[in-house]
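This report refers to the structure that appears directly beneath it.
Only the coordinates and a few stated rules stand behind these numbers; no lab work does. Just so it is clear, the model here is predicted, and its values are computed rather than measured. No Cβ is skipped: glycine too gets one built from the backbone with ideal geometry, and neighbour counts run over all protein chains shown.
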Amino acid sequence: MTWKSRLPLVVESAIPLGLCGALMDHVKSHTARPRTYQGVIDESLRKSEYVEIPTHLEETVISHCAAHLRGHFEIAPKRIPTQPAVVYRYGPGVGFVAHHDEVTDIERERARTNGQPVVGGDLTLVVWLNTPDSYGGGELFFENPTQEIKPPCGTLVAFPATRDHIHGVRPITRGERVTLVVRVDADCL
């Protein structure tokens with residue numbers, strides 16, 4: 001079995017709470033921008049804002065996740081220097097419809113004109129930065145196999161960024177869901 005066919009990895013307490021706090025402080029001190037889906041802002045498909053994260057924080061997150069990724073996917077994660085890690089803030093609304101994380105040509109083309117970051121890579125890493133009781137709804141869901149996740153702060157969920165891993169975010173009913181998304185390339189061991 002290759003890393004591309006592995007089920008999602010879920011690791012609670014993968015990221016120290018102090019690092020989660022530093023990421024939240026960064027987000028609070030920067031202006032968030034609306035996030036697109038396939039290069040178009042459409043709040044009926046995705047209702048979120050994002051803040052880009054500095055390299056040193058991204059590298060620290062990857063270093064905390066590396067052993068877990070090696071153990072589950074049998075890869076060495078490699079930072080992608082040409083793209084930023086981002087924190088997504090989802091307020092009340094649709095969340096994010098079912099989708100895959102494989103970058104499309106449409107997304108690349110639209111990004112050239114709208115200034116949105118293209119976030120590609122082999123694996124998607126999602127880290128929860130707030131507690132599950134601070135928002136209603138907002139579960140990360142996977143279609144095949146069916147799975148819903150609403151974990152504690154500091155939890156890592158990692159999965160291949162391929163068309164086979166369809167996922168989304170359930171509607172947010174109250175509060176705000178805050179997650180860090182980092183994409184890494186996979187160097188096979």
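A few notes on this one:
- Taking the chain and dividing mean pair separation by its residue count, relative contact order in percent (alpha carbons under 8 Å, at least six apart): 32
- Positive-end residue, the chain charge dipole about Cα centroid, Cβ charges, pick of Val181, Tyr88, Gly121: Tyr88
- If R0 is taken as 45 Å, the Cβ-Cβ distance between Met24 and Thr2 corresponds to a FRET efficiency of 0.80.
- Counting only residues at least eight positions apart within a chain, or on another chain, the aspartates and glutamates with an alpha carbon under 17 Å from that of Lys150 are Glu12, Asp133, Glu139, Glu176.
- Estimated from helical segments only, the mean residue ellipticity of the chain at 222 nm is -7000 deg cm²/dmol, where each DSSP H run of four or more residues counts as -39500 (n - 2.57).
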